[in-house]
Structures are given as structure tokens and as C-alpha cells.
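A.B. asks: Pasting a structure here, questions to come.
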Amino acid sequence: MVDYIVVGSGLAGICFTEKLMAEGKSFVVIDNEKRSSSLMAGGMYNPVVLKRFTDVWKIEEQLEIAMPFYAELERKLGVEFMFEIPLYRRLLSVEEQNNWFHAADKPNLEKFLLPKLVRKEVPGVISPFGFGEVTHTGYLETKTLIAAYRDYLTKMSAYRVEEFDYDSLSYTDESVKYKDIEAKHIVFAEGFGMLQNPFFKDLPLDGTKGEVLLVKIPNLNIDFMLKSSVFLIPVGDDLYKVGATYDWEDKTDTPTEEGLNELLEGLRDVIDLEFEVVAHNAGVRPTVKDRRPLLGRSRESARIHVLNGLGTRGVLLGPFLAEKLYNNIENAMVLEESVSIHRYKKFKF
């Protein structure tokens, strides 16, 4: 018997598995390696909703847990995947400049928004009204992290690549059994794949498709992330990630002409330089209509749990939510209603 089965090895699964290791728990991780929005994500993190100039929900708690978490994970895996660099928000009018100053004066935002404008000219960037600078920002190279982590688990003999067969899962009051594995608990961290899960498929997961480009811009030399109608993230060798689209209808991982054109239009609105599209990827984010995650146990069994709904801010939410769910399972700490699946009364979880 092991302590846990974890289904999924994207950001949510990695964060929960790391918590298990930190607590000395045994586990097996299962993933079919077919769909993962974490692999396609831009990986950017920032503490402010820049469209409305508001702080992110529980952001200080998230940062306090996430930054040392990823630093330690880099050390353990022996790879670099976290890059802390500033974020510039391109301002589009005098009104937006005034809004920036107003937001920077708010007690909950003053540590994240610098109270002066960046007025320097950046060759190739169209920015007549300057920029606002956001701190405590950066990005993860999620592909690097996930590949290194799967390899790490494989060397531990704790990782299986297979399609999870829900019909092969049985449970009692004391344990769950999946094929040849018996465990005290199972945690599903499947992302958008949760809609196929018979234990949680009734939850209101509403995936949002996002498309991202990798472009080569030889004459753009910036050492910061840039946010306007699209974001640009410098990843080295004149390469930049450009994203992201939001499509609430299409639930496939197939890049589209419409998504490409939307991103190209946004990029041309920001820069007046020649560029080359190197790659075009798409994935479905596990988003929830009320913009809050999905944590808790199934109505069928106290041994079956879910960790999902990280949405567009999974980099910072992942470590924070893994702590919450672990303490709920092991230490009987009650999940607050804003993250618990029990907030959906009609589903009677």
C-alpha cells in the first residue's frame, strides 16, 4: 500500500506530489501525457489584474509559498525553469496613466506597482504613453519543469504513463484500489480532463482555450515582459512567447487560423519590427466560471479528492492550493467555501 495515487503531472499534480514528498508520504503518479494546458502555457505570473488594476485573490499568501517552493524544486531537479523578471504594462492614454497612479497609491497594490511611469523609449515598441512597472513577476518554463519532474519520478519508480481507467478504481472506507495499487487516498489533478471523470464531471469546469506563439524578433532587445493586448515574454536567442487568446467555445488543442491572426494583430499593435513565427501551440485551461479553484472530496468517498480549476494563474495557485488540500485531507482543516467544491450546493458534494 502507498499513501496516495496522484492522477496528473501538470502544475497541479507536481505541486501536490511535492507536498507529499515534503511530508514523507509514499505515492504513485499516473498520467497519459496526452493533454496538459501546463505544457502549452506562457507560464507568466504577476500579482495584479492589469486590465482592472486590482490585486489577485490572496496574492501575498500565494507568493509566500510559491517563490521558495519553485526555488527549492529547481535545486532538487538540477534545472533552471523559474525566471524572475519585471513586467511592463504598456499604457495607452493619459487616462490610463492617471489610473496607474491611482492604483499604485492603494495599500494593497503599492508593493506591486511602482508609483512612477517608465518613459524610456524602447526601440521597436510603440509606446507613446510609456509603461507602468509591476514587481514580483516572472515566468516558468513549464515544459522544462514538467519534463524534468516526470523524469525524476520515473527514476524513483513512482510514475506510470497510462490512460487512467476509472472502471478499475474501487474503494472502501479505508482505502482505494486501482489495478495493482492500493492507497489511502487518490487525488485527481487532471485539468480539463476532469470532465471525463465520473466522480467530478458534474462540477462546473468551463475550459478556456488559449493559443500561444513562439516568435523570433531579432531587433527587439528587451529584458522585461511586456503586457498590452498580448503579452511578450523574452526567452532568449531573440525568441519571445506571445499570447494568449481566450476561446470559451472550442475545447480542442488544435491551433487555429483565427487564433493566429488575433495574436499577430496584437503583436503588430505593440511592435513595428520584422518577426518570424517559429511555433504555434494551443491548450485548454481548466477554468471555472466563478474564477475560483475546485478542491475537495467526492460525494462517493472520503478517499477520493480533486485538485483542479487553477485557470490562468496556476503558477502561483498550484503550491498554495496543494497546501490547502493536503491539510484538509491529513489534518482535517476545513476548506474555505471559496475554493471548496461544497460551495456548489446543487451538486451535493
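A.B. asks: When ligands, DNA and RNA are left out and all protein chains stay put, how many square angstrom of accessible area per residue does the stretch 117-223 have with a 1.4 Å probe? All intermediate terms of the calculation are to be shown ahead of the outcome.
C.D. replies: Values: 4900 Å² over 107 residues.
Solvent-accessible surface per residue comes out at 46 Å².
A.B. asks: Here is a follow-up. Can you tell me which of 94-102, 333-341, 146-154, 209-217 comes out highest on packing, and rank the rest after it, using the mean Cβ neighbours within 10 Å? Intermediate values should be presented prior to the final figure.
C.D. replies: Working: 94-102: 13.7, 333-341: 15.7, 146-154: 18.3, 209-217: 21.7.
Ranking the peptides 94-102, 333-341, 146-154, 209-217 by packing returns 209-217, 146-154, 333-341, 94-102.
A.B. asks: I've got another one for you. Over all directions, what mean area does the Cα convex hull of the chain project, stated in square nanometres? Write out the running numbers ahead of the final one.
C.D. replies: Values: hull surface 71.2 nm².
Hull-based average projected area comes out at 17.8 nm².
A.B. asks: I need the semi-axes of the equivalent ellipsoid of the stretch 10-95: take the C-alpha gyration tensor, multiply each eigenvalue by 5, square-root it, list largest first in whole angstrom. Mind dumping the intermediate values first?
C.D. replies: Working: eigenvalues 186, 50, 36 Å².
Taking √(5λ) for each eigenvalue gives 31, 16, 13 Å, largest first.
A.B. asks: Can you show me the helix-derived [θ] at 222 nm for the chain, built from DSSP H runs with n ≥ 4 at -39,500 (n - 2.57) apiece and divided by the number of residues, rounded to the nearest 500. Provide the component values of the computation, followed by the final result.
C.D. replies: Numbers: 7 runs with 92 residues, N = 349.
Mean residue ellipticity, 222 nm, calculated: -8500 deg cm²/dmol.
A.B. asks: Spelling out what I want: for every residue of the stretch 144-159, take phi, set θ = phi - 60°, compute 6.51 cos²θ - 1.76 cosθ + 1.60 (Karplus), and round to whole Hz; glycine and proline get x.
C.D. replies: Residue by residue, the stretch 144-159 yields 4, 4, 5, 4, 5, 6, 4, 5, 4, 5, 4, 5, 7, 6, 10, 9 Hz.
A.B. asks: Percent relative contact order of the chain, based on C-alpha pairs within less than 8 angstrom and at least six residues apart?
C.D. replies: Details: 713 pairs, mean separation 80.3, N = 349.
Here the relative contact order equals 23 percent.
A.B. asks: So what's the angle, to the nearest 10 degrees on a 0 to 90 scale, between helix 11-22 and the longest Cα principal axis of the chain?
C.D. replies: 60
A.B. asks: Where the accessible area of the stretch 87-134 is counted over protein heavy atoms with a 1.4 Å probe, how much of it, in %, is carbon and sulfur?
C.D. replies: Working: 1390 of 2630 Å².
Roughly 53 percent of what the probe reaches on the stretch 87-134 is carbon or sulfur.
A.B. asks: While we're on this one: So if I place +1 on the C-beta of Lys and Arg and -1 on the C-beta of Asp and Glu, and nothing else carries charge, what would the dipole magnitude of the chain be about its Cα centre? I want it in debye, nearest 20.
C.D. replies: Numbers: 43 positive and 54 negative charges, 177 e Å.
With Lys and Arg at +1 and Asp and Glu at -1, about 840 debye.
A.B. asks: So, one more: Taking amide H positions as placed in the peptide plane 1.01 Å from N, state which residues far from residue 285 in sequence (5 or more) or on other chains have amide H under 5 Å from it.
C.D. replies: Under 5 Å from the amide H of residue 285: 208, 209, 210.
A.B. asks: Below 11 angstrom from the Cβ of residue 219, what's the summed charge of the other residues (Lys, Arg +1; Asp, Glu -1)? Could you put the intermediate results ahead of the total?
C.D. replies: Values: positive: 216; negative: 238, 272, 274.
Net charge around residue 219: -2.
A.B. asks: Let me spell out the model: positive unit charges on the Cβ of Lys and Arg, negative unit charges on the Cβ of Asp and Glu, origin at the Cα centre of the stretch 222-308. What dipole size does that give, in debye rounded to 20?
C.D. replies: 1100
A.B. asks: Residue 54's amide H: which non-local residues (gap 5+, or another chain) put their own amide H closer than 5 Å, with H modeled 1.01 Å from N in plane and none for Pro or chain starts?
C.D. replies: 49
A.B. asks: Another one. For the stretch 200-261 and the stretch 1-71, write down the distance between their C-alpha centroids in whole Å.
C.D. replies: 20
A.B. asks: Quick query: amide H of residue 27 versus all other amide H atoms, modeled in the peptide plane; which residues come in under 5 Å with a sequence gap of 5 or more or a different chain?
C.D. replies: 3, 4
The values are calculated or read from the model by the stated rules, or taken from the named source; none is laboratory data. On a predicted model such as this, the values are computed, not experimentally measured, just so you know. Every residue, glycine as well, gets a Cβ built from its backbone with ideal geometry; the counts of neighbours run over all protein chains shown. Areas reflect the complete protein model, heavy atoms only, side chains present, ligands, DNA and RNA absent. Shrake-Rupley method; radii C 1.70, N 1.55, O 1.52, S 1.80 Å.
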